[in-house]
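The values are calculated or read from the model by the stated rules, or taken from the named source; none is laboratory data. None of the values given here were measured: they were computed from a predicted structure. Here the Cβ positions follow ideal geometry from the backbone for every residue, glycine too, while neighbour counts run over all protein chains shown. These area figures cover heavy atoms from the full protein model, side chains too; ligands, DNA and RNA do not enter into them. Shrake-Rupley method; radii C 1.70, N 1.55, O 1.52, S 1.80 Å.
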Amino acid sequence: MRRILTLARSFAVLALILAFAIVAILLVTHEGRVAIRAAMLLPEVLPDATFHPLRMISDRPLEGDVLYPFSGGTGRATVWRPAGPGQHGGLILFLGVNPDYGNQPLRQFAQAVARQGAVVMLVHGVALDDSRLSLVEVDSLVGAVRYLRELPYVNPKRVGFAGFCVGGSLALLAAGDPRIAGDVQFVNSFGGFYSAETLLMALTTRSVVVNNLQQEAWEPDPRATPWFTQAVVNALPDPAERAALERLLRDAAPLTPDQRTALTPRLRSMHDLLANRDPSVAGPLYEALPADLRAELAKYAPSNNFEWLQAK
């Protein structure tokens with residue numbers, strides 16, 4: 001019995017030493033500290049979590065709505081900042097189409113990041129909130145970076161983006177904008193699109209190419225298809241052509257040969273692309289678009305902006 005107790009105590013001491021060693025490694029390595037911070041963040045965004053360690057060791061962040069200037073007007077945002085003194089890194093959050101800025105998990109996430117020592121700026125969309133795609137969003141994000149870097153409690157050398165859905169693509173465009181490219185330290189894009197061509201082909205054919213090898217079925221968010229389709233329609237410079245294309249897409253009926261012949265070449269190419277469901281012809285249909293239309297759509301594609309991007 002004494003030998004069993006001695007052995008048990010030895011195992012207990014060994015387990016304690018091992019636990020201390022693991023904690024020490026986690027605390028002294030960058031990867032370990034990141035893992036700990038991530039683990040403490042998770043309970044703040046899980047809806048059924050009952051244990052919130054961050055709330056036990058940090059004060060509630062200060063929160064307020066702000067207005068800031070940018071080249072196209074005035075932007076709106078909500079800012080959370082750590083309650084303590086000193087300068088902190090800054091994170092600009094930008095969401096997708098028709099976001100719910102009052103969403104509780106979103107606000108809990110922003111508060112949790114602020115509790116960990118970062119200033120969080122949730123930028124409200126200018127055109128996205130009305131389901132419109134516009135480069136005014138990029139100007140707004142450029143203005144947000146400039147505004148955030150000037151706040152006395154923000155370290156101007158540690159400011160970056162986290163964008164979601166369409167907001168992720170626009171955050172990449174803003175991060176690579178020559179006006180602020182050297183001031184943005186990082187950008188995280190979650191669920192954004194890379195090019196207008198691949199997004200259009202995915203939305204119209206309901207399929208995506210996986211690992212550059214095979215086509216697989218894919219179902220977009222119900223809000224994404226009408227939103228981006230309208231963005232493509234808006235690229236038509238002629239109001240009469242826009243109205244005609246909207247009517248054709250709304251009717252969703254196959255065109256007779258005479259009806260196709262009656263369309264202008266520009267309108268016919270746009271209709272053929274948006275009405276197509278066959279992945280094998282989606283690429284040629286996109287290439288058949290007039291060059292000025294493809295150039296207009298390419299303005300919104302991060303794929304054409306990486307040469308300017310300096311952020312991690």
Item to complete: Output ³J(HN,Hα) for segment 134-150: one whole-Hz value per residue in order, computed from phi by the Karplus curve 6.51 cos²θ - 1.76 cosθ + 1.60 with θ = phi - 60°, and x for Gly and Pro.
Response: 8, 6, 4, 5, 5, 4, 5, 5, 4, x, 5, 4, 4, 5, 5, 5, 8
Practice prompt. Find how many whole Å separate the alpha carbon centroid of segment 65-120 from the alpha carbon centroid of segment 239-280.
Written response: 42
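What FRET efficiency comes out for N211 versus W308 if R0 is 30 angstrom and r is the Cβ-Cβ distance? Round to the nearest 0.05.
Values: r = 28 Å, r/R0 = 0.93.
That pair, N211 with W308, gives E of 0.60.
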Worksheet entry | Integer Hz, Karplus 6.51/-1.76/1.60 couplings in order for segment 189-198, x for Gly and Pro | 10, 10, x, x, 9, 8, 9, 5, 5, 5
Worksheet item: Tell me, what is the 1.4 Å probe accessible area of T256, in Å² to the nearest 10?
Response: 70
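When only the heavy atoms of the protein chains count and the probe is 1.4 Å, how do W218, W308 rank by accessible area, highest first?
On the way: W218 90, W308 125 Å².
If we order W218, W308 from most to least accessible, we get W308, W218.
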Discussion item. Explain nothing, just the number: dipole magnitude of segment 171-312 about its Cα centre with +1 on each Lys and Arg Cβ and -1 on each Asp and Glu Cβ, in debye rounded to the nearest 20.
Written reply: 140
Item to complete: Quick one: dipole size for segment 242-312, taken about the Cα centre, charges +1 on Lys/Arg Cβ and -1 on Asp/Glu Cβ, in debye to the nearest 20.
Response: 160
Worksheet item: For S189, what accessible area in Å² do you get when you roll a 1.4 Å probe over the heavy atoms of the protein chains, rounding to the nearest 10?
Response: 50
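Report, to the nearest whole %, how much of the accessible area of segment 161-246 belongs to carbon and sulfur atoms, 1.4 Å probe, protein only.
Working: 2150 of 3940 Å².
After summing per-atom areas, the C and S share lands at 55 percent.
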Item to complete: State in Å² the accessible area per residue of segment 152-287; use a 1.4 Å probe, count heavy atoms of protein chains only, and round to the nearest integer.
Response: 51
Item to complete: Can you pull the one-decimal nm distance between simple spin-label points at T74 and R223, each 7 Å off the Cα toward Cβ?
Response: 2.6
Item to complete: Mind checking the full-extension length gain between Q104 and L62? Use 0.36 nm per residue of separation minus the Cα-Cα distance, one decimal, nm.
Response: 13.5 nm
Worksheet entry | Amide H within-cut-off set for F161, under 5 Å, with H built and near neighbours excluded | I92, F186, V187, N188
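Given a 1.4 Å probe and every protein chain left where it sits, what share in percent of the accessible area of segment 68-135 is carbon and sulfur?
Details: 1220 of 2500 Å².
So the carbon and sulfur contribution to the accessible surface is 49 percent.
Tell me the trypsin sites (Lys or Arg not before Pro) within segment 146-249 that lie in a loop according to DSSP and have at most 11 other beta-carbon atoms within 10 Å. Write down the numbers at each step before the final one.
Details: sites: R146, R149, K157, R158, R179, R206, R223, R242, R247; in loops: R179, R206, R223.
Answer in residue order: no site qualifies.
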